[in-house]
Number of protein chains: 2
Amino acid sequence: MPVARETLIERMRAKGVRLTEQRRVIAELLEEADEHLDAEAVYRRASGRDPRIHRATVYRTLNRLKKLGLVDELDLMHKESERHYYEIRPSVFHIHLVCMRCGRVLEPSGPFWDDLKRRVHDETGFRPEAARLEMGGRCAACHSKSDDR
Amino acid sequence: MPVARETLIERMRAKGVRLTEQRRVIAELLEEADEHLDAEAVYRRASGRDPRIHRATVYRTLNRLKKLGLVDELDLMHKESERHYYEIRPSVFHIHLVCMRCGRVLEPSGPFWDDLKRRVHDETGFRPEAARLEMGGRCAACHSKSDDR
DNA sequence: ACGATTGTTGCGAATCGTTCGCAAGAAATC
DNA sequence: GATTTCTTGCGAACGATTCGCAACAATCGT
């Protein structure tokens with residue numbers, strides 16, 4: 001059973017973000033996203049719901065949410081493109097494993113982040129706030145194939 | 001005493017990369033780099049040594065080296081810009097900690113990578129080949145300052 | 001409920017970083 | 001040193017993102 005948590009909109013409100021219709025649409029669509037969306041994909045979905053919404057607004061909103069730590073920006077190892085992808089910052093940190101052969105993205109979660117955060121802080125005094133932990137390699141299925149594509 | 005290792009040029013030769021003057025210049029300059037260089041910075045330095053060198057050649061070479069796994073591409077949390085930064089792939093993996101206040105970049109090395117690689121593989125079957133592990137946060141010095149810049 | 005205030009939007013042009021297509025040139029191979 | 005194959009310079013084009021500004025909308029105080 002999924003953990004009940006605050007919606008993105010609630011968290012935006014808590015951060016004092018002025019709630020416009022455009023932002024509501026973008027936030028809802030991020031909540032419902034079934035895959036990693038880049039800015040253009042967000043724009044396309046947003047236009048579907050409110051055709052007046054402008055690309056620049058999408059960029060501005062994503063940047064804002066990123067700065068507030070509500071959304072994380074991913075590169076997914078730039079496998080498919082140079083674009084950035086966005087996801088709501090999850091309650092449990094996960095890492096992104098991108099299979100460079102088939103493109104699948106695995107997202108194991110676990111105490112990676114807590115462990116790393118503690119370790120980094122203990123060893124360097126640095127206080128991590130956000131992290132991007134991505135790996136490229138081969139998923140189990142692709143690894144067993146011997147072609148070197 | 002630093003560990004003696006192959007130069008980038010030697011490694012390029014070993015990979016069968018055709019050694020042009022341009023590539024030699026770029027490789028040397030990456031070896032000597034004292035900070036993280038983006039493509040434009042590489043281009044500027046390269047032009048200094050051989051004014052005929054073209055920006056496109058710099059991009060092509062960096063991409064090539066990246067694909068061969070000789071050079072790693074970093075974002076440094078996109079703090080300063082959307083550019084990519086390049087560094088020769090070190091013999092000992094390190095992570096990049098970017099202070100979002102003062103911009104300093106710390107690069108602690110340690111068994112992070114080996115530990116993570118093993119753990120990821122054990123838990124998921126994924127075989128990591130390359131990783132980008134960047135964190136944004138506050139360095140020890142900036143953390144002790146209470147302004148919330 | 002309303003007006004004042006302040007922040008946000010749409011717009012389309014501009015900017016930034018990067019890649020392209022191609023003819024000329026250079027490295028490696030024979 | 002001729003042949004093959006890969007690489008380069010060039011400048012235009014590209015894709016992603018940001019800009020500047022006037023119109024507009026959310027919020028706050030009354």
Counting partner chain Cβ atoms within 10 Å of every residue's Cβ in B:115-126, what's the average? 5
Estimated dipole of the protein assembly as shown in Debye, rounded to 20 [Cβ of Lys and Arg +1, of Asp and Glu -1, Cα centre]: 680
Gap separating the Cα centres of the range A:40-80 and the range B:1-70, nearest whole Å: 35
Shortest first and in nm, the label-point separations between B:A56 and its counterparts in the other identical copies (7 Å out along Cα→Cβ) come to 3.2
For the range B:1-86, the Cα-Cα pair-distance distribution in 10 Å bins from 0, as whole percents, is 17, 51, 28, 4
Quick shape summary for the protein assembly as shown, equivalent ellipsoid via Cα gyration tensor, semi-axes whole Å in descending order, reads 34, 23, 22
For chain B, please report how many Lys pairs fall under 21 Å Cα to Cα, leaving out neighbours fewer than 8 apart on the same chain. 5
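Order the peptides A:27-39, A:57-69 from the highest to the lowest mean number of other Cβ atoms within 10 Å of their residues.
Taking the mean over residues of other Cβ atoms within 10 Å, the ranking is A:57-69, A:27-39.
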Applied in sequence order to the range B:83-99, the curve 6.51 cos²θ - 1.76 cosθ + 1.60 (Karplus, θ = phi - 60°) yields integer Hz couplings, x standing for Gly and Pro, of 5, 9, 10, 10, 8, 4, 5, x, 6, 10, 4, 9, 9, 10, 10, 10, 6
Can you compute 3J(HN,Hα) from phi for each residue in the range B:40-52, using the Karplus curve 6.51 cos²θ - 1.76 cosθ + 1.60 with θ = phi - 60°, rounded to whole Hz and x for Gly and Pro? 5, 5, 4, 4, 4, 5, 5, 4, x, 8, 8, x, 7
Ascending list, in nanometres, of distances separating the A:R118 label from those of the other copies (7 Å, Cα toward Cβ): 1.8
Find the relative contact order for chain B and round it to a whole percent, using C-alpha pairs within less than 8 Å whose residues are 6+ positions apart. 17
Relative contact order (%) - criterion: Cα under 8 Å, at least six apart; region: the range B:34-107: 26
Using a 7 Å offset from Cα along the direction of the beta-carbon, what are the separations from B:E31 to the same position in each other copy, nm, ascending? 5.7
Whole-Hz Karplus ³J(HN,Hα) for the range B:139-145, in order, using 6.51 cos²θ - 1.76 cosθ + 1.60 and θ = phi - 60°, x for Gly and Pro? 6, 3, 4, 6, 4, 6, 8
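What do you get for Rg/Rh of the range A:78-134 when both radii come from the Cα atoms and Rh is the Kirkwood radius?
Working: Rg = 13.4 Å, Rh = 13.0 Å.
Looking at the range A:78-134, the ratio lands at 1.03.
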So for chain B, Kirkwood radius off the Cα pairs, Stokes-Einstein at 4 °C and 1.567 mPa s: how many µm² s⁻¹? 76
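Read the figures in this text as sums done on the coordinates, not as results from a lab. In this text the structure is predicted, and so the values were computed from the model without any measurement. Positions of Cβ are generated from backbone atoms using ideal geometry, with glycine treated the same way; all protein chains shown enter the neighbour counts.
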